[in-house]
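The values are calculated or read from the model by the stated rules, or taken from the named source; none is laboratory data. Computed from a prediction, not measured in an experiment: that's the story for all the values here. With ideal geometry, Cβ positions are generated from the backbone for all residues, glycine too; neighbour counts draw on all protein chains shown. Ligands, DNA and RNA are excluded from the accessible area calculation, which covers all protein heavy atoms including side chains. Shrake-Rupley method; radii C 1.70, N 1.55, O 1.52, S 1.80 Å.
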Amino acid sequence: MMRLFLFLAVVANSIDLVATALGIHWLGNREGNPLLAGIAHHHWWVFVLVKGVIVPFLIVRLYRYRDSSPTLARAGLVLVLVALTVAVGQWLGWIAGVVHVATLLKI
């Protein structure tokens, strides 16, 4: 079960990074990533470092706590997974809305 949480957290983080890149740079969203909006807009490489290196490191670190503190590891991974899933859902909803409106208005 913990491996599934680990896998899903890493996948959700990766999808969030890609959706952020699409939303900000391709579709012009100035709101930014729901979790890290300020960094995403003003310091893009720091955002990529955080999302591409630090967050996966923390996810793996939580996974390694499964033997010494299984409750902390499970709760932490679930919390990270829920937060990233919500962020991905917000991005995908926003992107779908922009694409749909653009096709309706032929922009």
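Computed from Cα positions, the angle between helix 2-21 and the longest principal axis of the chain comes to roughly 20 degrees.
One entry in (i) 2, 13, 21, 20, 15, 12, 8, 4, 2, 1, 0, 0; (ii) 2, 12, 23, 26, 23, 10, 3, 1, 0; (iii) 2, 13, 24, 27, 20, 9, 3, 1, 0, 0 is P(r) over Cα pairs in 5 Å bins from 0, in percent calculated from the shown coordinates; its label is (i). Mind checking the angle between helix 70-105 and the chain's longest principal axis? C-alpha axes, 0 to 90 degrees, to the nearest 10. It works out to around 10 degrees.
With all protein chains in place and a 1.4 Å probe, the accessible surface of the chain carries 72 percent carbon and sulfur. Taken per residue, the accessible surface of the chain reaches 63 Å², heavy atoms only and a 1.4 Å probe.
Determine, from the Cβ-Cβ distance of Trp26 and Val78 and an R0 of 25 Å, the FRET efficiency 1/(1 + (r/R0)^6), rounded to the nearest 0.05. Step by step, r from the Cβ atoms, then E = 0.20. About its Cα centre, the dipole of the range 1-99 is roughly 280 debye, where the only charges are +1 on Lys and Arg Cβ and -1 on Asp and Glu Cβ. Projecting the Cα atoms of His41, Val10, Leu62 onto the dipole axis of the chain, where Lys and Arg carry +1 and Asp and Glu carry -1 at the beta carbon, places Leu62 farthest toward the positive end. With a simple spin-label model that places each label point 7 Å from the Cα along the Cα-to-Cβ direction, the separation between Trp44 and Asp67 comes to 4.2 nm. Counting 0.36 nm for each residue step from Ile54 to Met2 and taking away their Cα separation leaves a gain of 16.7 nm. With Cβ to Cβ distances under 13 Å as the rule, what net charge do the other residues near Leu4 carry (K, R +1; D, E -1)? Net local charge, Leu4 excluded: +3.
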